[in-house]
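Here, each number is a calculation from the coordinates, and none is a lab measurement. Note that the structure is predicted; figures quoted are calculated from it, not measured. Glycine gets a Cβ as well: all are built from the backbone with ideal geometry, and neighbour counts include every protein chain shown.
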Amino acid sequence: MKAQSISTYGASAALKALVNQNKAELVKARQEATTGTVFDVGLSLGAKSGQTISLRKEYDRLDVLTDMNKLVQQRMKSTQTATTAIIEKSQNFLGDLTGASNSAESVATAAKSARAMLDSVTGLLNTSYNGEYIFSGVNTDVKPVSNYVEGGAAQSAVRQAFEDHFGFAMDDAKVANITGDEMKAFLEGDFADQFNDANWSLNWSDASDTVIKSRISPTETAETSISANADGFRKAIMSAVMVAEFATIGLNSSAFGALTAQALTTTTQAITETTSEQTTLGLAQSRTEAATTRIAAQQKILNDSVNNLEEVDPYEASVRVNALMTQMETSYALTVQLQNMSLLNYLK
């Protein structure tokens, strides 16, 4: 039998190695006790570590969708607010037109109301949110509607259309001879043509007909904007322009009656069509909200699945921490005693 050598150095070295090992285990145990999850996923789960990585990636992807949906909801909320204001402005204008007569005071009031509506609708259609124009369709960096200004392209085209149709300018005395039927024919024909697709794009709008489509869930998209090119908005502006431009040029009662009748019809259509656009956007809001709720439920399932794989018992981890601390304290005490076991101390 071979005798094993025993020395205070060997015993001390063994205790030192044990302390270092316990220190490493203590770091792991403390983290697990604090976080409630395994210290090293790959080491603990082995082949299942790929599964937890996939689950976390899917959770993060849904997290991005949730954040995007919040932004989309805010943009749609701003769109709804502006659209509601446009409808209200149109309704107020409709009330001002009702019962309007050819008297100087009534004509001036109608023209003033029309100009105010025109400026308001244009301003609302140029609303921006988070640095993007919300009524520009996919052209979010472009101001959708040009202001109707003196000498601008839109005004010049409208006045030229009047002159081309009647054969004289708006400030000509012959304006007083225009009949109601002639005015109606102009408003429904050459004037209305100023708001067709070609002229609207040429003189009024830089918005895109293509509205924004947003992914609101992994399998679902929704149209989450309204374009300034929508018919309801065009007709609201058309009504305002026809009254603002022609109410004060000196029309007789018959022609003025035709003007206000046409404006009433067009404004009513504008309110109806804009309300329809608003309703469609409201459905998109509801779908987005429902999708966000479903995503939250999916994330809870994913989170539970990850926890089932990675969770540790915090109580058990705390027990290990205490046990390791006790072992280390014992090791330190033994090390001190071994250091005192010296031949020099024995010879004193």
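I need the calculated FRET efficiency for the pair Glu132 and Ala153, taking r as the beta carbon distance and R₀ as 25 Å, to the nearest 0.05. The computed FRET efficiency comes out at 0.50.
Of the residues Phe246, Asn229, Ala192, the one whose Cα sits farthest toward the positive end of the charge dipole of region 157-262, with +1 on the Cβ of Lys and Arg and -1 on the Cβ of Asp and Glu, is Asn229. With each label modelled as a point 7 angstrom along the Cα→C-beta vector, the Asn92-Thr279 pair spans 2.5 nm. Computed over neighbours whose Cβ is under 13 Å from that of Ala236, the net charge equals -2, Lys and Arg +1, Asp and Glu -1. Based on Cα contacts under 8 Å between residues 6+ apart, region 86-216 shows a relative contact order of 24 percent.
For the residue pairs Lys112/Lys174; Lys143/Lys235; Lys213/Lys235, the alpha carbons lie more than 21 Å apart in Lys112/Lys174; Lys213/Lys235. Considering only Thr293, Ile86, Thr272, the residue lying farthest towards the positive end of the dipole of region 58-301 is Thr293, judged by Cα position with unit charges set on Cβ.
Taking label positions 7 Å along the Cα-Cβ direction at both Thr210 and Asp63, the computed distance is 3.2 nm, reported to one decimal. One way to sum up the overall shape of region 58-301 is the equivalent ellipsoid from its Cα gyration tensor, whose semi-axes run 43, 17, 13 Å, largest first.
Distance between the pseudo-spin-label points of His165 and Ala261 (7 Å out from Cα toward the beta carbon): 1.5 nm.
The relative contact order of region 58-301, computed from alpha carbon pairs under 8 Å that lie at least 6 residues apart in sequence, is 29 percent.
Nearest 0.05, what FRET efficiency do Ala116 and Asp231 give at R0 = 30 Å with Cβ-Cβ as r? Walk me through the numbers before you get to the answer.
Details: r = 22 Å, r/R0 = 0.74.
The computed FRET efficiency comes out at 0.85.
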